[in-house]
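The values are calculated or read from the model by the stated rules, or taken from the named source; none is laboratory data. Since the model is a prediction, treat every value here as computed from it, not as a measurement. Heads up, the Cβs are rebuilt from the backbone with ideal geometry, glycines too, and the neighbour counts pull from every protein chain shown.
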Amino acid sequence: MRYLPLNESDRSEMLAAIGAASIEELFADVHPSVLLDKPIEGLPLHASEMAVERHMEALASRNMAAGQGPFFLGAGAYRHHVPALVDHLIQRGEFLTAYTPYQPEIAQGTLQMLFEFQSQVARLYGCEIANASMYDGSTATWEAVTMARRITKRDKALLADGLHPHYAANIRTMARFTRDRIVHSAPSLDPDCGLDALAASIDEETSCIVVQYPDVLGRLPDLAVVAEAAHAKGALLVAVVTEPVTLGALATPGELGADIVVGEGQSLGVGLQFGGPYLGLFACREKHVRHMPGRLCGQTTDVEGKPGYVLTLSTREQHIRREKATSNICTNSGLCALAFSIHMTLLGDKGLTALAAENHRLAIMAADRLAALDGVRLVNDTFFNEFCIELPVDARPVVRELAEEGVLAGVALSRLFPGAPQLASGLLVAVTETTTPEDIEMLARGLEEKLA
Amino acid sequence: MNANSSGWRPAMPADEETVYPAGSTHTGNRALMVEEPLIFEISNSLNCGVDLPEPEPGRPSRLGNLARDRQLGLPGLSQPEAVRHYTRLSRQNYAIDCGIFPLGSCTMKHNPRLNEQVARLKGFADVHPLQPEGSVQGALAVIDELAHWLVTLTGMHSVAMSPKAGAHGELCGILCIRAALEARGEMREVVLVPESAHGTNPATAAFAGYRVETIPATADGRIDLGALRQRLGTDVAALMITNPNTCGLFERDMVAISEAVHAVGGYVYCDGANFNAIVGRVRPGDLGVDAMHINLHKTFSTPHGGGGPGSGPVVLSEALAPFAPLPIVRRTAEGTLTLIEEETAEADAPESFGRMTAFHGQMGMFTRALSYMLSHGADGLRQVSGDAVLNANYVLRSLEDVLDAPYAHAGPCMHEALFSDAKVAEGISTLDIAKGLIDEGFHPMTMYFPLVVHGAMLVEPTETESKATLDQFIAAMRSVAGRANDGDTSLLQAPLHAPRRRLDETGAARKPVLVWSEVSQFERVE
């Protein structure tokens, strides 16, 4: 077997050294009634590298890859061009096959990268500090709500109606067991984000208000207004950013007053991958650091005075605090954080700004083109690279039919909000630098045909 | 630009006649070991590693009043600079590609590169999670096929695929248990956890709203069945157990333990972190387990990546299966695969506890794990656990005369060998042995875990180490342990040859510096 270095002569020698007659003898503590004496039935036997490759290629070919045709899906996962260098570097064995850096003297590569990553995320979000990553944006959001409960000692969270419904569903799952009270409703196809009503409902029992920026319909909520309302009642503002490229063009949530900023980092370096692994980003104010979930990397010095990095403040974490930990998270998204950090380093301020400008330019082109179609209404007054259009018909069958013709038109809102018939005509369209004017034209013509 | 502007600077020559002491260098570099500054220190605002159109001034905007008007301060590097930065950083890491990584409980095995190649096929890597079902039948087939492997290998009823890592899987299992109890109209309050459990177990139970109580171990390192029976009652929701346990031992009484828990209406959660010891030989379903997460990044070889991503599918008994989270992949009567999400959950999964992540789980890890399982097959996976256990016992018997092995008398170990610091001279600790091993060119074992053994050293070699590597490791370990037993205080200085000497962790926690700022901590101190 190609992944097993022991041969029969090694095994006999080792068994002799141990004083056992066979490998089976080493399983003496397992009661014979539950110890299997032959390979489990119903599964194939070992296969060559070539055979496995063929099998997996056949499975892959049954999917339609995003790059095969015009592609307009977003809603929390975005298709961007990732420089070839990113994937090359993350496949260096010293990064790929290392463990969590528990022995800092021989893990400075991972640790310094994490310190750089934390610094990049903090700046991107306009926050004082950031952690070393969470599983994904949705789980980071649920952790932010529990963190707000710990800080404020209150248990009512208000979710803006523009929060991604799957993120909201996660929070509801968590709340069922923690008994937090969650207030949330579906949005309407309206250019206004509905924040005034939400801000007015903040009271002395509110732990936090969770606002996605841009929201799930692509609208841009003015976080500063809710931040002020939240702080006036002693509540925290949690901002959620599902598309980090947005912040190449928009004011940061931190500078608009958000106390905790979380989000998805998948756009940079990670790729679509059918939903995972992704990268949860988590940033906040320095004064709240001891309530933060997840790993933190900090700068320090060694005994010779050289700068170095270690995992720090681990008294918040499960392996030290056990049932009193701030979260049960252990393994996070280290390698995705590396991919994000390398992509971000290749961009820098200059590249991120240019990337955002290109996304926005093409999104405006697409929005204007689609809004000009008969019967189509552009819902958004404001947007970055994703917007919502209202069709004169149910969007779901249109999306399905266009997919069969090779155009992945976007996300029908009924997929995200099945219980909200008033949104069934809504179609969410995302546009990035990978979208060409020809793609936009093909989508417009395809829609025109279906709506005729 | 100084070579090391992060604050530390090597002694600068006073004039050209300065003589450097032997071994020191002007740059602080040591041949292949090159000091690498932070990206913030080597970049400037003009550098960029991508080519994009320059934004046109006065271009149209739909950003309302939210356009950003200041720089973020994100450093940029050209591609040659970036390659060098990250390559130099990588060389300061130990990794499984560089040598044995015997961290107990972590199962650091070889990561096959076929799996990396497979995961990068466009049909997997470039697929959006919300594409219409008809366009992702291959992705759903991967989930379905992997689920079949996991269910068959564990002898369980079904599997929840979406959890993102082991601890997320634990939460999934405990939430299934809580939902099942609530469906029976019961509000139980307690989760029992053995002393030797991973920290994630009590953290998970507490997060799900339970009070955690500890069950003691017997002198031979296993759960005390008598004490368990005594504590069990109708207030107990679940027992969270690890089998093989964190002392590296199989819980001989596992079937009786499960029966006792079931007898009071509770459920058995098994932490599957140690599944590598028994894969292909023991099916947890036969042991009475109700829920167990499987770390695909341990048993099924997906890379750890310096701390993730992991993947933690949870296999479930028939009693817990109805409560599994969304989304769920199901085969239709026509043979196509379909996703049960919120839209159809009311009809098809009415008791599901809901969603615990935005999409479908760690697809990129599923493809890698499936590729690994297909490679080994049912026969090869038996050999995996056999060799893993053989390697661990070989380490145990080769070291038990120099290091105290508290449970060695109790018979063979499973996939990991546990030692204590009982023979180590006063003034020297497990930490010093670990740091001594670093100088010998090895990654140390897990230290100070499990908590039930003083100065614990937990060695898990895995099946992908050759006998020659084990012999080298054993020889190094014998030497370092011998020095520790003899009271050789030079170990307190170790490591001497790593990229860094011992780091000030207390200082790091007392005054945390978590992000870079233009004023470095060194200057702030002054």
- Item | Pairs where the first residue, in segment A:252-275, is over 20 Å from B:Gln71 (Cβ atoms) and the second is of a type in the set (Val, Ile, Thr) and part of a loop (DSSP other than H, G, I, E, B), C-beta under 7 Å, 6+ apart | A:Gly263/A:Thr242; A:Glu264/A:Thr242; A:Gly269/A:Val82; A:Gly271/A:Val82; A:Leu272/B:Val127; A:Phe274/B:Val127
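Results for (1) facing chain B (nearest Cβ under 7 Å); (2) modelled with pLDDT under 95; (3) more than 30 Å from A:His81 (Cβ to Cβ), shown as yes or no for each residue.
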position: A:Gly298; (1), (2), (3): yes, no, yes
position: A:Glu304; (1), (2), (3): yes, yes, yes
position: A:Val310; (1), (2), (3): yes, no, yes
position: A:Thr326; (1), (2), (3): no, yes, yes
position: A:Ser341; (1), (2), (3): no, no, no
position: A:Thr345; (1), (2), (3): yes, no, no
position: A:Gly348; (1), (2), (3): yes, no, no
position: A:Leu352; (1), (2), (3): yes, no, no
- Note on the structure: Within segment B:154-201, residues part of a loop (DSSP other than H, G, I, E, B) and over 22 Å from B:Glu251 (Cβ atoms) come out as B:Met161, B:Ser162, B:Pro163, B:Lys164, B:Ala165, B:Arg184, B:Gly185, B:Glu186, B:Met187, B:Arg188, B:Glu189
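From B:Ala358, B:Ala392, grab the single residue that is more than 8 Å from every other protein chain (Cβ to nearest Cβ), surrounded by 20 or more Cβ atoms within 10 Å (Cβ to Cβ), of a type in the set (Gly, Ala, Ser) and touching a His at 6+ places or on another chain (Cβ under 7 Å). Reasoning before the result, please.
Values: B:Ala358 fails: more than 8 Å from every other protein chain (Cβ to nearest Cβ).
The match here is B:Ala392.
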- Message: Would you confirm whether or not segment B:326-343 contains a residue that is without any contact (Cβ under 8 Å) to a residue 24 or more places away in the chain and hydrophobic (A, V, I, L, M, F, W, C)?
- Response: yes
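Going by the conditions given, is A:Glu204 buried (at least 24 other Cβ atoms within 10 Å of the Cβ), at negative phi and more than 8 Å from every other protein chain (Cβ to nearest Cβ)? Steps first, answer last, please.
Numbers: buried (at least 24 other Cβ atoms within 10 Å of the Cβ): no; at negative phi: yes; more than 8 Å from every other protein chain (Cβ to nearest Cβ): yes.
So A:Glu204 does not fit the description; no.
Kindly indicate whether B:Thr200 is of a type in the set (Val, Ile, Thr) and more than 26 Å from A:Thr173 (Cβ to Cβ).
Working: of a type in the set (Val, Ile, Thr): yes; more than 26 Å from A:Thr173 (Cβ to Cβ): no.
When the stated conditions are applied, B:Thr200 does not pass them.
Inside segment A:170-196, can you point out the residues that are part of a helix (DSSP H, G or I), hydrophobic (A, V, I, L, M, F, W, C) and touching a Leu at 6+ places or on another chain (Cβ under 8 Å)?
Going through segment A:170-196, the residues part of a helix (DSSP H, G or I) turn out to be A:170-178, A:195-196.
Adding the requirement that they be hydrophobic (A, V, I, L, M, F, W, C) leaves A:171, A:174-175, A:177, A:195.
Answer for segment A:170-196, where residues must be part of a helix (DSSP H, G or I), hydrophobic (A, V, I, L, M, F, W, C) and touching a Leu at 6+ places or on another chain (Cβ under 8 Å): A:Ile171, A:Phe177.
Select from segment B:255-311 the residues that are among the charged types (D, E, K, R), under 19 Å from B:Asn201 (Cα atoms) and not in a loop (DSSP other than H, G, I, E, B) and list them in ascending order.
Going residue by residue through segment B:255-311, those that are among the charged types (D, E, K, R) are B:259, B:271, B:281, B:283, B:286, B:290, B:298.
Going one step further and asking which of them are under 19 Å from B:Asn201 (Cα atoms), we end up with B:271, B:290, B:298.
Across segment B:255-311, the qualifying residue is only B:Asp271.
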- Task: Run A:Val210 past the list (1) closer than 27 Å to B:Gly310 by Cβ; (2) out of contact with any helix residue (DSSP H, G or I) (no Cβ under 7 Å at 6 or more places or on another chain); (3) not hydroxyl-bearing (Ser, Thr, Tyr) and report the number of the one that doesn't hold.
- Result: (2)
- Counting only residues that are touching a residue at least 12 places away in the same chain (Cβ under 8 Å) and surrounded by fewer than 17 Cβ atoms within 10 Å (Cβ to Cβ), which one in segment A:1-23 is nearest to the other protein chains (Cβ to nearest Cβ)? A:Met1
- Identify, by number, the condition in (1) under 23 Å from B:Gly308 (Cβ atoms); (2) out of contact with any Lys or Arg (no Cβ under 9 Å at 6 or more places or on another chain); (3) outside any loop (DSSP other than H, G, I, E, B) that A:Leu355 doesn't meet. (1)
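For segment B:202-218, enumerate the residues that are outside any helix (DSSP H, G or I) and of a type in the set (Val, Ile, Thr).
Our first condition is that a residue be outside any helix (DSSP H, G or I); within segment B:202-218, this holds for B:208-218.
Hits for segment B:202-218 are B:Val212, B:Thr214, B:Ile215, B:Thr218.
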- Message: When you check A:Gly19 against the structure, is it in contact with a strand residue (DSSP E or B) (Cβ under 9 Å, 6 or more places away or on another chain) and at positive phi, yes or no?
- Response: no
- Query: Out of (1) surrounded by fewer than 19 Cβ atoms within 10 Å (Cβ to Cβ); (2) in a loop (DSSP other than H, G, I, E, B); (3) more than 7 Å from every other protein chain (Cβ to nearest Cβ), what's the single condition that is false for A:Gly74?
  - Reply: (1)
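Within segment B:59-76, which residues are under 30 Å from A:Val379 (Cα atoms), assigned to a loop (DSSP other than H, G, I, E, B) and not hydroxyl-bearing (Ser, Thr, Tyr)?
First pass over segment B:59-76, keeping only residues under 30 Å from A:Val379 (Cα atoms): B:59-70.
Add one more test, that the residue is assigned to a loop (DSSP other than H, G, I, E, B), and what stays is B:59-66, B:68-70.
Correct list: B:Arg59, B:Pro60, B:Arg62, B:Leu63, B:Gly64, B:Asn65, B:Leu66, B:Arg68, B:Asp69, B:Arg70.
Determine whether B:Ala345 is of a type in the set (A, V, I, L, M) and under 21 Å from A:Pro5 (Cα atoms). Give the steps one after another, and end with the answer.
Details: of a type in the set (A, V, I, L, M): yes; under 21 Å from A:Pro5 (Cα atoms): no.
Answer is no for this residue.
If only one of B:Gly166, B:Gly134 is facing chain A (nearest Cβ under 8 Å), more than 13 Å from B:Ile328 (Cβ to Cβ) and crowded, with 24+ Cβ neighbours inside 10 Å, which one is it? Explain how you work it out, then say what you get.
On the way: B:Gly134 fails: crowded, with 24+ Cβ neighbours inside 10 Å.
Sole residue among the options that is facing chain A (nearest Cβ under 8 Å), more than 13 Å from B:Ile328 (Cβ to Cβ) and crowded, with 24+ Cβ neighbours inside 10 Å: B:Gly166.
Based on what the data block shows, is B:Ser420 without any contact (Cβ under 8 Å) to a residue 60 or more places away in the chain, among the hydroxyl-bearing types (Ser, Thr, Tyr) and either surrounded by fewer than 23 Cβ atoms within 10 Å (Cβ to Cβ) or within 9 Å of chain A (Cβ to nearest Cβ) (or both)?
Working: without any contact (Cβ under 8 Å) to a residue 60 or more places away in the chain: yes; among the hydroxyl-bearing types (Ser, Thr, Tyr): yes; either surrounded by fewer than 23 Cβ atoms within 10 Å (Cβ to Cβ) or within 9 Å of chain A (Cβ to nearest Cβ) (or both): yes.
Taking the combined requirement at face value, the residue satisfies it.
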- Note on the structure: Counting only residues in segment A:147-168 that are surrounded by 23 or more Cβ atoms within 10 Å (Cβ to Cβ) and in a helix (DSSP H, G or I), the one farthest from the other protein chains (Cβ to nearest Cβ) is identified as A:Ala148
- Counted residues in segment B:354-400 being more than 26 Å from B:Ala321 (Cα to Cα) and outside any helix (DSSP H, G or I) come to 1
- Go through segment A:388-433 residue by residue and tally those that are at the interface with chain B (Cβ under 9 Å from one of its Cβ atoms), among the β-branched types (Val, Ile, Thr) and touching a residue at least 60 places away in the same chain (Cβ under 8 Å). 1
- Checked segment B:229-254 for anything assigned to a strand (DSSP E or B) and crowded, with 24+ Cβ neighbours inside 10 Å; matches are B:Ala237, B:Ala238, B:Leu239, B:Met240, B:Ile241, B:Thr242
- Task: Go through (1) more than 7 Å from every other protein chain (Cβ to nearest Cβ); (2) of a type outside the set (A, V, I, L, M, F, W, C); (3) surrounded by 23 or more Cβ atoms within 10 Å (Cβ to Cβ) one by one and return the number of the condition B:Pro75 breaks.
- Result: (1)
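From the list A:Asp136, A:Asp87, which residue is within 27 Å of A:Ala75 (Cβ to Cβ) and facing another protein chain (nearest Cβ under 7 Å)? I'd like the intermediate steps shown before the answer.
Details: A:Asp87 fails: facing another protein chain (nearest Cβ under 7 Å).
After applying the criteria, what remains is A:Asp136.
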- Can you name the condition, by its number, that A:Leu124 falls short on among (1) facing chain B (nearest Cβ under 7 Å); (2) surrounded by fewer than 24 Cβ atoms within 10 Å (Cβ to Cβ); (3) hydrophobic (A, V, I, L, M, F, W, C)? (2)
- Message: Can you confirm whether A:Thr301 is in the same structural domain as A:Gln120 (by TED's automatic domain parsing), in contact with a His (Cβ under 8 Å, 6 or more places away or on another chain) and either surrounded by fewer than 24 Cβ atoms within 10 Å (Cβ to Cβ) or not in a loop (DSSP other than H, G, I, E, B) (or both)?
- Response: no
